[in-house]
1. Among Asn30, Asn19, Asn43, Asn34, which is modelled with pLDDT under 85 and in a helix (DSSP H, G or I)?
2. Test Val54 against the criterion of being more than 20 Å from the chain's Cα centre (by Cα), in a helix (DSSP H, G or I) and modelled with pLDDT of 85 or more, and give yes or no.
Amino acid sequence: MTFQEFSLKLMVSNLENQNKIGLGMAYRFNNFKNKQIMKQAQNYDTLDKMLKHVKSLIKRRDKLYKIETSEK
């Protein structure tokens, strides 16, 4: 009888630990996935800023070129 109680407690403990391990693994996977998504969003933001800067430089160049050609 004592062994059965011990065995039951051990089984319940193992089941609780399995759930905790599963939750920990899921959290770690989701956390890693979120970090990848945030890094990707940061890269897109950097690329977008660079494109805006290039567009402004092109507009500036076009304005300057139009002024120079109209003077000639």
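1. Asn19
2. Against the criterion (more than 20 Å from the chain's Cα centre (by Cα), in a helix (DSSP H, G or I) and modelled with pLDDT of 85 or more), Val54 qualifies.
The values are calculated or read from the model by the stated rules, or taken from the named source; none is laboratory data. Bear in mind the structure is a predicted one, so any value in this text is a computation, not a measurement.
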